[in-house]
Structure formats: C-alpha cells, structure tokens
1. Taking only complete DSSP H runs, can you tell me which helices of the chain stretch 24 Å or more along their own long axis by Cα positions and average at least -1.0 on the Kyte-Doolittle scale?
2. What trypsin sites (Lys or Arg not before Pro) in the stretch 23-115 are in a loop by DSSP, with at most 12 other Cβ atoms within 10 Å of the Cβ?
3. Give me the dipole magnitude in Debye, nearest 20, for the stretch 16-68 about the Cα centre, with unit charges on the beta carbon: positive for Lys and Arg, negative for Asp and Glu.
4. With the dipole of the chain worked out from charges on the C-beta (+1 for Lys and Arg, -1 for Asp and Glu) around the Cα centre, which of 102, 36, 72 lies farthest toward the positive end?
5. Would you please classify the overall shape of the stretch 32-77 from the alpha carbon gyration tensor, given that a ≥ b ≥ c denote the square roots of the eigenvalues, rounded means a/c under 1.5, and beyond that prolate means a/b larger than b/c while oblate covers the rest?
6. Hey, what's the chain come to in accessible area per residue, 1.4 Å probe, Å²?
7. If each Cα of the chain is one equal point scatterer, what is log10 of I(q)/I(0) from the Debye formula at q = 0.10 Å⁻¹?
8. Per residue of the chain, what 222 nm ellipticity follows from adding -39500 (n - 2.57) for every DSSP H run with n ≥ 4, rounded to the nearest 500?
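The values are calculated or read from the model by the stated rules, or taken from the named source; none is laboratory data. Computed from a predicted model, the values in this text were never measured in an experiment. We place every Cβ from the backbone using ideal geometry, glycine too, and count neighbours over all the protein chains shown. Calculation scope for accessible area: heavy atoms of the full protein, side chains included, ligands and nucleic acids excluded. Shrake-Rupley method; radii C 1.70, N 1.55, O 1.52, S 1.80 Å.
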Amino acid sequence: GGHCIGVDPYYLTFKAEAMGYTPDLIFAARHINNGISKFIAEKIIKEMIYASKLIKGSNALFLGVTFKENCGDMRNTKVIDIIKILTDLGISVDIYDPWVNTIEVNEQFDLNLIGSPLKLSKKYDVVVAAVAHKQFLKFTENDYDQLSSNPKIIIDIKNFVPNPTWRL
C-alpha cells in the first residue's frame, strides 16, 4: 500500500515497455493528468475576466495545498503548479491549509501560508477550494461570502463547496 495514481502508472509504463508493449491508454491518461494544473489555472483566469476583475494585482485564496484531504503529504500535489501559474501572472496568493507544517512548506516552496482566513477581514478576488479537508467541509455559503469580494468567484476543484462559480 501507500502508492497511488500519481506514481503507479509510471511503474506500469516502464514495465510494459520493458516487455515490448506500448501502453497508449496509460500515456494518454498521464498526458491529461499532467495538463490539469494549466487547465484549472486557465479556468480561474477566464472566470476572473468574465467577472471584469483585473488579473495583475488581484488576490486569491487557496483552501488546501496538499496532495489529498486530511493529511499533510505534499508529494505529487498539483496545487503548487496552479499557484505558480497564477503568481507568474501577478496574482498574490494566500494559502490556508491546517494540515501542513507551515515552516517546512514556506522553506520548500516559498508559499504564503496563513492562519484561518475566516478570522481575517481580507476579501479575495477568487477563492479556490483545492483540497477537501474536513475543516473546509464545514464552511458555509456565508463563509465564502465573507472571504470573497464582489462579484464572488469560487472555484471548486474537489466538489464540496455550496454554489461555486465553477466546479471541476
């Protein structure tokens, strides 16, 4: 146990090719998986443009940055890739993830981790629900209203937000 979809297909392709087989389906799936960060980042930008929000100088909140819910494992997370694309475009990104070691993540990835955003009075141009940690499942629509500037843009990658702007 312990391995997951992110690692096992690479092993399968290696073994398949060693046996003389070309695993086209696995390669196609890997291609799609490797492009999902860019797809989501582009969707965030499009939603901001539809809402007439400026890209450069705007701010985003990411709820979660780990690979999966309710653990601090950062290996294989694609959330970092999405954040990198957005910051390269001039978007300031705050991250709230109660499962990660803030010092380690700041040192390793140079990210801006914050405490609970519900305790702050900051409003975000876009809120990205990236990881379905149990703490985030308790957020209400009112909580998202509190975090969001108008017009509200909520991107729900993991299908747990009430009434998001866009859901993967």
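1. Long hydrophobic helices here: 24-50.
2. 56, 75
3. Rounded to the nearest 20 debye, it is 320 debye.
4. Positive-most Cα among the choices belongs to 36.
5. oblate
6. Roughly 57 Å² per residue, with all protein chains present.
7. -0.41
8. Computed ellipticity for the chain at 222 nm equals -12000 deg cm²/dmol.
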